[in-house]
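Take a look at the structure set out below.
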There are 2 protein chains.
Amino acid sequence: VHVESSLLSPANFEKEVLRLGTTTAVCDPHELANVAGVNGIQYFLEASAAMSLDLRVMLSSCVPATHLETNGGGKISASDLLPLSRHPKALGLAEMMNVPGVLYEDPDVIEKLELFSSVPIDGHCPLVTGAALSAYAAAGISSCHETTRPEEALEKLSKGISVWIREGSVAKDLNALAPLLNMARSPAMGFCTDDRNPLDTFNEGHIDYLVRRAIALGVPAEVAFRSASWSVARHYGMSGKGAVAPGYTADLVLLNDAKTVAIDRVLRAGVFTSEIVPRPIHASFDVTNTVKAHRPAEVDLEGPAGNVHVIEVKEGSILTGRRIARSDSPGVAKLSVLARYGTNAKPCNAYVHGFGDGFSGAIASSVGHDSHNLIVVGTNTKDMATALASLIECGGGFCVVRDATVLSQLELPFGGLMSPEPASVIAKRLMHLREAARTVRCEIPEPFLQLAFLSLPVIPSLKLTDRGLVDVEAFKIIDVRAA
Amino acid sequence: VHVESSLLSPANFEKEVLRLGTTTAVCDPHELANVAGVNGIQYFLEASAAMSLDLRVMLSSCVPATHLETNGGGKISASDLLPLSRHPKALGLAEMMNVPGVLYEDPDVIEKLELFSSVPIDGHCPLVTGAALSAYAAAGISSCHETTRPEEALEKLSKGISVWIREGSVAKDLNALAPLLNMARSPAMGFCTDDRNPLDTFNEGHIDYLVRRAIALGVPAEVAFRSASWSVARHYGMSGKGAVAPGYTADLVLLNDAKTVAIDRVLRAGVFTSEIVPRPIHASFDVTNTVKAHRPAEVDLEGPAGNVHVIEVKEGSILTGRRIARSDSPGVAKLSVLARYGTNAKPCNAYVHGFGDGFSGAIASSVGHDSHNLIVVGTNTKDMATALASLIECGGGFCVVRDATVLSQLELPFGGLMSPEPASVIAKRLMHLREAARTVRCEIPEPFLQLAFLSLPVIPSLKLTDRGLVDVEAFKIIDVRAA
């Protein structure tokens, strides 16, 4: 799990998921690491030491994600990770997203794989297959949570890669993969949320939801529960976890009904979660005030006019299409990314289609994978400038603007990623933001998640970072103007 | 496995079992440790470093087995084991036979359990059940190979204790436990040989035999192979072992038929075993010349006459019965144990029934669990003295004597436990010894194995050590004379 995607602070994340039966979580603080560097990882390690939830931290392996963007954390090397790896809550190396780096033996990647060769290394290899997948597995990477197709899962399992079935807020793989989950495969399959927003957790549940859905899809209950607990605990070498047995930690979920996963009460380390008094979390690092950018002039948000490359948003997918169109065609909106780590760079401007023909206003966010610069989509530079100014002012968050007025806003002061508010408050604020998005006639029901992936230059096919428009297949920055 | 029970040197053990598809073995050098102390464990660690077989060494936890016997290795403490635990082939703590020591928190036992709390600790808890078993499991002990009954296995499994199904030369549990082995339980069940003599391995096979038998008993082949490889590798945290996958060690058994486990060829680390050139094993420790005793006078082998406690041998069982009888009753033979570690003690003498009414002569051995003093059964003190003298002369072994003449002998110069000869030669010599045992009209077909357990004072109910006759239930030495 990326805790940051819950928008919750570690303390509130714990409160929200413990009651849902998630007593242990394996996290990758990849987002905060891109904002704050090694301190971002250290922040979660320190939090984990004080938390009641058993939070294990995989050390982020790919910061920054690419050389085509500017993050705040700089480059995290193997030698940066080494001191962190000795922390008792440090579990291994987090998802190795740099698949080409593994295959072509990038020295930085190899150094990390060697450093962590005796502990678990998580993978991230969507659609990788054949000899490439074999090489990736042979590098010692032993799990993947980016599997979307049954045949892809079977190949990974046959190559010794455990498959974590993901059901996030955007990427949802449970329907496709649940049919594979049987007793024979259960030791090498588990569940994960990856990026799950607090509304979904609030409304549907957390891992309990995945177990419930898997059982509803026909997975035998004993198989689903085994995968959700014992299998993952064994995979990560957590002794005394994942079973009800003498000497095991009493992390127990008491159910009124096993098949519907109707939770009665939850115990963590033998204590009813309702009776747990949270210990205060004191981090050595201040992760607020991370939005360091000047409010841009409206003119700086103006992209080139004429025939341009346009990013085509596909609702519910983090993949994008692309096309060439006139910059003033109906439904084509402006998209800008503004560096937010004190470089005083001007915004990079491009175009996007898919937010709706009637869209009128601006929507902005400081959550933009993986570097988390400020990203704004809008129909006029005035609203866009207002939205960016508002986020710069509050230290990051989400906002919706029309007629230079902020209609709705959620502040995320921790790294521009997380809120100090509890889940119930955030859920309400997100509902309000969604309503505001409808008010500006945005046709995408979940525009912030969608926006967050428009800056991620490792997912095809056309993305915008603070350095420019990225042709992902060519893996280079291209001119917004079409030839 | 106790390699010593194969009577083979590590080099010859490797040669014998590799061809049968045992490419990795987890051993407990408990026997040599009782003879030679920490050096006995070190001997196997050094051997493992040079061997082609992947021999992992569990560090012997219970040397000596009891305070009712005298071994050569003295007492091995947690601090003695600590330096050994850093060896790359050291895997964990070997079978914790001292169940009362665990339950009553013997400080020496607790110190060892704590020292090894982060690595596997093997168990040994025959018939332990209920709260005692829960406490034993809670102490961090995670396997047992001493399970003989299905309900016993189910309780252990439910308490997080992996069950290794044993098929040794005396103790045979496969028929009883194979019916439990299914896909759901397979991750927590495996196979082991414990004490298996070279004749059985030569005639029937090694782990391949257990897999073959399990399949014949109805275990699905995929379950039997999983348990024999992946499950055990995962239990012991051996990464890159136990499956056919990229990056895994190419320890492969090529089969002509999966169900009959008809082995075509075996590869160890990618090399056909037929092409492996063994590296010489140089141990820093000489484990020969370990039989340090004076040849006893005949009179010293004479036990008290009259009404005596008689050990009742049960063929094919390491448990004994007991009864009170006249020392000169038909079928009652003399039994003596002579300390062999330089204490110049006199033999301890008692009586045994079950070797046959017509038995006439003596059978002696330097293999006598767990302290491996010299043990001899006979019908007259002259033959018994001759047998002991012959073993003292050759540094240990097995022999059969009649009319003061050695009819057959196998020398075991390594610790009085192992031979330098290859398996095929030992098999022939054992056949010859069996024939000699028939010549002296011994009715037990495998008298040396039976003899070896008559000195083990942890198995009920009446045993003889170098210190006297042990009432195992009372756990004390009693007078041979019956009240």
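What to note about this one:
- Some residue of the stretch A:300-317 being of a type in the set (Asp, Glu), assigned to a loop (DSSP other than H, G, I, E, B), surrounded by 15 or more Cβ atoms within 10 Å (Cβ to Cβ) and under 26 Å from the mean Cα position of the chain (by Cα): no
- Flag for residue B:118 being polar (S, T, N, Q), more than 18 Å from the chain's Cα centre (by Cα) and surrounded by 15 or more Cβ atoms within 10 Å (Cβ to Cβ): no
- Put simply, of B:161, B:165, B:141, B:110 the only residue that is over 25 Å from residue B:200 (Cα atoms) and either in contact with a Leu (Cβ under 6 Å, 6 or more places away or on another chain) or open to solvent by 20 Å² or more (accessible area, probe 1.4 Å) (or both) is B:110.
- Lone unmet requirement of (1) open to solvent by 10 Å² or more (accessible area, probe 1.4 Å); (2) under 25 Å from residue A:11 (Cβ atoms); (3) in contact with a Phe, Trp or Tyr (Cβ under 8 Å, 6 or more places away or on another chain) for residue A:443: (2)
- Selected residue (criterion: most open to solvent (accessible area, probe 1.4 Å)) from residues of the stretch B:408-440 that are within 21 Å of the chain's Cα centre (by Cα) and among the small types (Gly, Ala, Ser): B:424
- The listed residue being more than 19 Å from residue B:34 (Cβ to Cβ), open to solvent by 10 Å² or more (accessible area, probe 1.4 Å) and more than 22 Å from the chain's Cα centre (by Cα), out of B:389, B:385, B:362: B:389
- Of all residues in the stretch A:108-120 being out of contact with any helix residue (DSSP H, G or I) (no Cβ under 6 Å at 6 or more places or on another chain) and under 15 Å from residue A:96 (Cα atoms), the one that is farthest from the other protein chains (Cβ to nearest Cβ): A:108
- Filter result (in contact with a Leu (Cβ under 9 Å, 6 or more places away or on another chain), modelled with pLDDT of 95 or more and aliphatic (A, V, I, L, M)) within the stretch B:182-213: B:188, B:189, B:207, B:210
- Residue check for residue A:337: in contact (Cβ under 8 Å) with a residue 40 or more places away in the chain, open to solvent by less than 10 Å² (accessible area, probe 1.4 Å) and touching a Cys at 6+ places or on another chain (Cβ under 6 Å): yes
- Annotation for the stretch A:371-392: at least one member residue is under 22 Å from residue A:194 (Cα atoms) and either among the polar types (S, T, N, Q) or modelled with pLDDT under 95 (or both).
- Spans of helices (runs of 4 or more DSSP H) in the stretch B:179-275 with at least 2 residues within 14 Å of chain A (Cβ to nearest Cβ) and surrounded by fewer than 19 Cβ atoms within 10 Å (Cβ to Cβ): B:221-226
- Any hit, the stretch A:71-79, residues being more than 18 Å from the chain's Cα centre (by Cα) and open to solvent by less than 10 Å² (accessible area, probe 1.4 Å): yes
- Options A:48, A:85; residue that is out of contact with any Cys (no Cβ under 6 Å at 6 or more places or on another chain), over 13 Å from residue A:2 (Cβ atoms) and open to solvent by 10 Å² or more (accessible area, probe 1.4 Å): A:85
Residue-wise test of (1) modelled with pLDDT under 95; (2) within 23 Å of residue B:168 (Cα to Cα); (3) not acidic (Asp, Glu).
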residue	(1), (2), (3)
B:410	no, yes, yes
B:418	no, yes, yes
B:432	no, yes, yes
B:440	no, no, yes
B:443	no, yes, no
B:458	yes, yes, yes
B:467	no, no, yes
B:477	no, no, yes
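- One residue stands out in the stretch B:158-189 among those that are more than 25 Å from residue B:454 (Cβ to Cβ) and hydroxyl-bearing (Ser, Thr, Tyr): the one that is farthest from the chain's Cα centre (by Cα), namely B:158.
- Flag: residue B:290 does not match the condition of being open to solvent by 30 Å² or more (accessible area, probe 1.4 Å), under 24 Å from residue B:40 (Cβ atoms) and in contact with a strand residue (DSSP E or B) (Cβ under 9 Å, 6 or more places away or on another chain).
- In this entry, residue A:171 is excluded by the filter for residues that are of a type outside the set (Ser, Thr, Tyr) and in contact with a helix residue (DSSP H, G or I) (Cβ under 6 Å, 6 or more places away or on another chain).
- Subset of the stretch A:121-130 that is assigned to a loop (DSSP other than H, G, I, E, B), open to solvent by 10 Å² or more (accessible area, probe 1.4 Å) and within 14 Å of chain B (Cβ to nearest Cβ) - its residue that is farthest from residue A:93 (Cα to Cα): A:129
- Condition met for residue B:161 (within 13 Å of chain A (Cβ to nearest Cβ), touching a strand residue (DSSP E or B) at 6+ places or on another chain (Cβ under 7 Å) and farther than 28 Å from residue B:316 by Cα): no
- Members of the stretch A:131-154 found to be within 11 Å of another protein chain (Cβ to nearest Cβ), part of a helix (DSSP H, G or I) and not polar (S, T, N, Q), listed by number: A:131, A:132, A:133, A:135, A:136, A:137, A:138
The values are calculated or read from the model by the stated rules, or taken from the named source; none is laboratory data. Predicted model only: the values in this text are computed from it and were never measured. Reconstructed Cβ throughout: ideal geometry from the backbone, glycine too, with neighbour counts over all protein chains shown. SASA here: full protein model, heavy atoms, side chains in, ligands and nucleic acids out. Shrake-Rupley method; radii C 1.70, N 1.55, O 1.52, S 1.80 Å.
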